[in-house]
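First the structure, in the form of structure tokens, and then the observations on it.
The values are calculated or read from the model by the stated rules, or taken from the named source; none is laboratory data. This structure is a prediction, so every number in the text was calculated from the model and none was measured. Positions of Cβ are generated from backbone atoms using ideal geometry, with glycine treated the same way; all protein chains shown enter the neighbour counts.
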């Protein structure tokens, strides 16, 4: 990984030194939009926040303006709450910005050319690392091979993560360095893609990734600090002021704490541990308190139940339409899932279960139904992705306070692949956003960045239209599953905060919550999907402090 820390990282630390002291401030003359305490749209023209960075008053046009220490003119611009991404991988965003990015490649040949150019430009890197490849986007019809990588880089190990984070592609040197051979067995919950002779062909799916990943040199603390600084820059550029970090490891938590201690922590992080070991080391017997003025908390754990559709790892009730007999990968038995969820619930930790296929979703819904009898109270059981659900199971999403944590951009990126994987007769429960709302469920919207761009405005546009950036398909893909503009905005603000037990702290511009807001160039509740995608974030404020913009 990277061995030096650039001046760009050092510059970001100046934020803590240059931020002015706060006092009561009024930002007036704004076209304000937020979700109020009852979940309804509230429009306003002025916002007052105090020296602690908390909202004091939300002012309508005719309201008397109070005496304040500072008064700023919003110049009629649109003010909305800071966007909350309910499912990201923060450090992966940062490392993705510092390594090889293949997400824009549209063919194997283009990807190989980009890999070779990157290797040539970085002769000192002992490993060539990157992410973002997608054989479906390339139209390849198969997984790429180690031999194809060897043709462009054979002198150093190459290890590249697929776009969905559920498979990796390596060259021969990477595989042999890890000691993986034809005799190496597939691990539980993983698959080694093999050639006709049974030897590793180059791609490792889900838990098999660790067979090679374990020998990749780990980044140093200063590399992690640089990656985190880049991740925050990426998020703030798109107006994301808070995230749910899914799969936080000990090294990640240490990075966030270093940033918090030195005043470099800008984005709010609701952390979900990657293991019980991490959860116990960080939080101990109960969720941590909120640290750094509501900027960091570990309150739950991420549990993987299956893989992803793209690598045919999502666990399905019936075989894949494009691979006879394959039903995906179930990482846990029903008993194991219940044991893990129960273990977390005993200490009041929230569970966030990754479930993509309809079999996986049916299993976690059944587990929640059983455990809700034993663990009363406000649990907010989370299902991450909930992409493919048997229509017969959807009503259960309206029970037991379940949060469906879904990513609108997955639908636009995956629709043709989903059609191929499932066939035309099994799509009624695919990315069923409105169905969740109709049965009384609650949505939290995110991006799964870096799997998809951390762009909430693109997510808003997809949620209300079921179309991609080029407007396809015309009329929307299963348009009956769109949500309203108000529901989409709530999914990226108030409901995303609620999903992380952060309501009352941030997510809405109402008295008592943190003054996290954006000034943007258009109103997302009035703009078309194309216009929403083109939204320009002009200023970003977190806790009453401007962290981005002129």
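Kindly establish whether residue 380 is surrounded by fewer than 23 Cβ atoms within 10 Å (Cβ to Cβ), more than 19 Å from residue 319 (Cα to Cα) and in contact (Cβ under 8 Å) with a residue 60 or more places away in the chain. Steps first, please.
Details: surrounded by fewer than 23 Cβ atoms within 10 Å (Cβ to Cβ): yes; more than 19 Å from residue 319 (Cα to Cα): yes; in contact (Cβ under 8 Å) with a residue 60 or more places away in the chain: yes.
Judged against the criteria, residue 380 is a match.
Yes or no: residue 402 more than 21 Å from residue 39 (Cβ to Cβ), modelled with pLDDT of 95 or more and in contact with a helix residue (DSSP H, G or I) (Cβ under 8 Å, 6 or more places away or on another chain)?
Criteria not met by residue 402.
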What about residue 502, is it at pLDDT 95 or above, in a loop (DSSP other than H, G, I, E, B) and touching a helix residue (DSSP H, G or I) at 6+ places or on another chain (Cβ under 6 Å)? no
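If a residue has to be in contact (Cβ under 8 Å) with a residue 40 or more places away in the chain and either farther than 22 Å from residue 275 by Cα or assigned to a strand (DSSP E or B) (or both) to count, how many in the range 358-371 make the cut?
Taking the range 358-371 first, the residues in contact (Cβ under 8 Å) with a residue 40 or more places away in the chain are 358-360, 362-364.
Narrowing further to those that are either farther than 22 Å from residue 275 by Cα or assigned to a strand (DSSP E or B) (or both): 358-359, 362.
Final tally of qualifying residues: 3.
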Let me spell it out: the conditions are (1) at pLDDT 95 or above; (2) surrounded by fewer than 21 Cβ atoms within 10 Å (Cβ to Cβ); (3) in contact with a helix residue (DSSP H, G or I) (Cβ under 7 Å, 6 or more places away or on another chain), and residue 188 meets all of them except one. Which number is the exception? (1)
In the set 302, 238, the lone residue that is surrounded by 21 or more Cβ atoms within 10 Å (Cβ to Cβ) and within 30 Å of residue 331 (Cα to Cα) is 302
Looking for something at pLDDT below 90 and out of contact with any helix residue (DSSP H, G or I) (no Cβ under 8 Å at 6 or more places or on another chain) - is there at least one such residue anywhere in the range 51-64? no
Can you find a residue that is in contact (Cβ under 8 Å) with a residue 24 or more places away in the chain, buried (at least 19 other Cβ atoms within 10 Å of the Cβ) and within 30 Å of residue 133 (Cα to Cα) anywhere in the range 275-287? yes
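Every residue in the range 510-533 that is part of a loop (DSSP other than H, G, I, E, B) and without any contact (Cβ under 8 Å) to a residue 60 or more places away in the chain, please. Talk me through it step by step, then tell me what you get.
Taking the range 510-533 and keeping what is part of a loop (DSSP other than H, G, I, E, B), we get 510-513, 515-516, 521-528.
Across the range 510-533, the qualifying residues are 526, 527, 528.
Does residue 374 meet the test of being out of contact with any strand residue (DSSP E or B) (no Cβ under 9 Å at 6 or more places or on another chain) and not in a helix (DSSP H, G or I)? Show your work before the answer.
Details: out of contact with any strand residue (DSSP E or B) (no Cβ under 9 Å at 6 or more places or on another chain): yes; not in a helix (DSSP H, G or I): yes.
Yes; evaluated as a whole, the condition is true for this residue.
This table checks each residue for (1) in a loop (DSSP other than H, G, I, E, B); (2) touching a helix residue (DSSP H, G or I) at 6+ places or on another chain (Cβ under 6 Å); (3) at pLDDT below 95; (4) buried (at least 24 other Cβ atoms within 10 Å of the Cβ).
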| residue | (1), (2), (3), (4) |
| --- | --- |
| 476 | yes, yes, no, no |
| 486 | no, no, no, no |
| 490 | no, no, no, yes |
| 508 | yes, yes, no, yes |
| 538 | no, no, no, no |
If a residue must be within 26 Å of residue 546 (Cα to Cα), in contact with a strand residue (DSSP E or B) (Cβ under 7 Å, 6 or more places away or on another chain) and not in a helix (DSSP H, G or I), how many such residues does the range 245-288 contain? 8
Unmet criterion (only one of (1) within 22 Å of the chain's Cα centre (by Cα); (2) buried (at least 18 other Cβ atoms within 10 Å of the Cβ); (3) closer than 25 Å to residue 306 by Cα) for residue 232: (3)
Filter the range 90-124 down to the residues that are crowded, with 24+ Cβ neighbours inside 10 Å and farther than 17 Å from residue 169 by Cβ, then identify the one that is nearest to the chain's Cα centre (by Cα). 90
Residue 152 meets each of (1) within 31 Å of the chain's Cα centre (by Cα); (2) surrounded by 19 or more Cβ atoms within 10 Å (Cβ to Cβ) with one exception, condition (1)
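Counting only residues that are assigned to a strand (DSSP E or B) and either touching a helix residue (DSSP H, G or I) at 6+ places or on another chain (Cβ under 6 Å) or at pLDDT 95 or above (or both), how many does the range 294-333 have? Give the steps one after another, and end with the answer.
First, the residues of the range 294-333 that are assigned to a strand (DSSP E or B): 296-304, 306, 330.
Checking the rest, the ones that are also either touching a helix residue (DSSP H, G or I) at 6+ places or on another chain (Cβ under 6 Å) or at pLDDT 95 or above (or both) come to 296-304, 306.
Result for the range 294-333: 10.
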Among the residues of the range 407-427, is there at least one that is within 28 Å of residue 497 (Cα to Cα), surrounded by fewer than 22 Cβ atoms within 10 Å (Cβ to Cβ) and free of Cβ contacts under 8 Å to residues at least 40 places away in the same chain? no
Which of the numbered conditions does residue 312 fail, given that it passes all the others? Conditions: (1) crowded, with 19+ Cβ neighbours inside 10 Å; (2) without any contact (Cβ under 8 Å) to a residue 12 or more places away in the chain. (2)
Identify, from the list 1, 79, the residue that is outside any loop (DSSP other than H, G, I, E, B) and either surrounded by 16 or more Cβ atoms within 10 Å (Cβ to Cβ) or at pLDDT 95 or above (or both). 79
